[in-house]
Structures are given as C-alpha cells and as structure tokens.
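Read-outs: derived from the displayed coordinates by stated rules, not from any lab. Bear in mind the structure is a predicted one, so any value in this text is a computation, not a measurement. So basically every Cβ, Gly included, is an ideal-geometry build from the backbone, and we count neighbours across all protein chains shown.
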Amino acid sequence: MKKIILTAFIVATVLYAGAADSTLAATPPMGWNSWNHFACRVTAADVRAAADAIAANGMKDAGYVYVNIDDCWEGTRDAAGKIQPNEKFGDMKALADYVHSKGLKIGIYSSPGPKTCAGYEGSYGHEEQDAQQYADWGFDYLKYDWCSAEKVYQRSEMEAVYKKMHDALVRTGRPIVFSLCQYGFGRVWRWGASVGGNLWRTTEDISDLYDRMSVIGFDQDGLEPFAGPGHWNDPDMLEVGNGKMNHDEYITHMSLWVLLAAPLLAGNDLSQMSQETLDILTNKEVIAVDQDAKGVQGRRIAAEGPLEVWAKPLADGGIAVGLFNRGESVNPVKVNFKQIGAKESSKVRDLWAHKDLGSFTGNYTTDIPRHGGVLIKVQ
C-alpha cells in the first residue's frame, strides 16, 4: 500500500514538470487580491494600505508577497492605443514603485476579451501593448480573466488566446507570473502549463460561505497530477476574515487550501483585521505545508459520510494530514497511518496549536466540531 501511495504522489510531481517556467511561482504564490472585499470600489489608496499592512503586520514575514489589483482599475486608451488607469488609480508606475519599496511585488488584471468582467477596457487586439505597459509600469503578476472573450472567440481557441498573452509577457523581458482565470473550462489543468500558465482557476468564483468554499475545496481531489513547481491548480482566493464564516470554518478553509498547494491570496481588508484572522493567515507551520519544496498537491485518502481525511507528503519525509468534519455535529475522525504511507508507530504534531501530541500506533483519532478541521503532521 505504501509503495502505491508514494508512486501516485511521485507521478503527481513529475507529470507536467517543465511545461511552464518553474522559476516563476516555484511555490504557490502568496499575497493579497482586492476583489473579494473591495470589488469595484478599490482605489490606489486601498492598494497602498494593503501593502502597508502586509509589510507591518507579519504577513510579509510569513511569505505573503504579491499585492494584486483585480478588476476596475482600467480607464480608456490614449491616441496610440496604450491603456490608461482611471481616476481612482492615477500614476500606476508610482503605485508599483510604492509597493516595491515595501519589499513586495504587485499584480494587475485584464481580460483577453474587449471588456473585463466589470465592463472595463480589456486587452483584445492590444495584447502586445498591454503586456509592455504592465512591464513598463513594473508589474510582476497578471490575472487574465476570460469573461467577454466569449464574444469574440470560440472556447476551442482558448489555449491559443492565453498563449498569445503569455508570449507577449515573455517578450517584455520582465518576469511576470501568469494567472489564467477561465473557471476550469476545457479541463484547463491539462493544458494550462503548456501555454505558460503559472496557475489556473479550476472552478467558478468562491464566496464567503461555508457551503460554497467547501464544495470548491473538496472537489479538487483528482487534480493533483497537474500541479507542481511553476504551475498550480487555483481553487480561487481566500475568504478568511470577510466575516460570513465562523472560526472553525475558516480553519477548514485555510487547512484545505494549504493541503491543496493552492495559491494563498488573502481577500479581506488587511487594514482592519482581527487578531484571530491574522493568526489564521500567518501561522507559519500551516503555511509551510502549502510552500513545501516537494511541490505536491494533497489528495483525499479516506471518506466516510461527511468525514474526510486528506494527505500531502512533505520534503522532510513527514506527511501533512487534514481531518475534516463536513457534518452538522461533532464527530470523531481517524487517520490510519498505513493508508497515508506512514510507519505503524508515528509522531503527531498539531500544526494549528504548535503542539506535539505524542507517538501513536496504527492511527490517530480526534473529535472535530461541525464544519471544522484539524491539520496535523505525521512524522
């Protein structure tokens, strides 16, 4: 059994190795994105405030690097066709310089269609110009959202459309992480890396509701062969701290995302954040699971009704294990060491509590609250 499990994980790490530039996003990107909290209300001041917060509150030290502007920054094009920011943003190079001055990187957003999701200017017919403009401003990350591309392209053209922008980005000479946002259409995980994607959305939009978050997260099982250094499955941004889930549900959210080797892009208002939220976002032992050098996406090992066990092998030989209760009352959840390829007698550490729990023989069981999760390391 152990040999079978380990072989599956090895396949997961190498199947698509080398298809995308693994020097970019060698581990899943970490940072912040403006959409989940601010949507179209976002301004340059909000972006600066996010950069200030990340630099000062421990998030930068925990690994959060990217400060990403989503939709609604765009203005019109000038006489030469160059995209200009709207009045809420003004000087984009100055904004990028400010974020860089904090030791951080900055991201921007567009669509391959004529309009973005919110109806602003897209990149259709201006791919080379826009890529160069982003590079000239000093951007480090592009989220490229399908949206109105549906009006000018067939879905069968999607791969070529995304490769066109990737190639334009490469020609700028500036390293820019390329995030494909097309909601998992056409099984993007099978071709996203081949068109230069460093990450690709595997699902439609998340929301700050347990039912939505859990469906997205737990449905990622089976996609692990397509993730690895430089190219990651993206189940969408984090909702931690936006207020519509409770503490146990946010613990489940974060635990599941790190096991999935998902990009960790906070989506809350970082300038007004509780200590509880900050503690979830900055737990370094938990983040280490996501950023592990082995670059393996975890998978479901066992399920019984609403109870699930997920595992992710780590570079140091340990195994990160998530025990989840999707049910409506407290339930015990057990991990069988043989099922995850661990030794019969293994040590267990609670990563959320930063606590060694001791050595156990054969299995480990713990009670988990409704919609809750526990993240342990089995060594």
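See the values below:
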quantity	calculated
Estimated [θ] at 222 nm from DSSP helical runs (n ≥ 4, -39500 (n - 2.57)) normalised by residues in the chain, nearest 500	-8000 deg cm²/dmol
Sorted by Cβ density within 10 Å, fewest first, the residues ASP136, ASP236	ASP136, ASP236
Computed over segment 298-378: relative contact order in percent, which uses C-alpha pairs under 8 Å that are six or more apart	32 percent
Footprinting exposure proxy for TRP310, TRP232 (fewest neighbouring C-beta atoms within 10 Å first)	TRP310, TRP232
Sorted by Cβ neighbour density within 10 Å, fewest at the top, the residues SER271, SER101	SER101, SER271
Under 20 Å from the ALA39 label point (7 Å along Cα→beta-carbon), backbone N, segment 49-75	68-75
Principal axis dimensions, segment 298-378 - Cα atoms, whole angstrom, descending	35, 23, 22
q = 0.10 Å⁻¹: log10 I(q)/I(0) that the Debye formula gives for the chain, counting C-alpha atoms only	-0.61
Span from the segment 95-149 Cα centroid across to the segment 275-345 one, whole angstrom	35 Å
Helix 44-56 axis, angle to the chain major axis (alpha carbon atoms, nearest 10°)	40 degrees
Loop-exposed GluC sites (Glu not before Pro) per DSSP, neighbour cap 10 Cβ within 10 angstrom, longest uninterrupted part of the chain	88-327
Whichever lysines have a C-alpha closer than 25 Å to that of LYS164, once near sequence neighbours (fewer than 8 apart) are set aside	LYS82, LYS93, LYS105, LYS115, LYS143, LYS151
11 Å beta-carbon shell around LYS163, net charge (K/R +1, D/E -1)	-3
Zero-based 5 Å bins, Cα pair distances in segment 307-353, whole percents	5, 18, 29, 25, 14, 6, 2, 0
Gain in span if fully extended, ALA80 to ARG370, counting 0.36 nm per residue against the direct Cα distance	98.6 nm
Lysine pairs within segment 298-378, Cα separation less than 12 Å, 8 or more sequence positions apart or different chains	4
Summed residue charge, Cβ within 9 Å of TYR66's Cβ, Lys/Arg positive, Asp/Glu negative	0
Degrees, to the nearest 10: 247-259 long Cα axis against longest axis of the chain	80 degrees
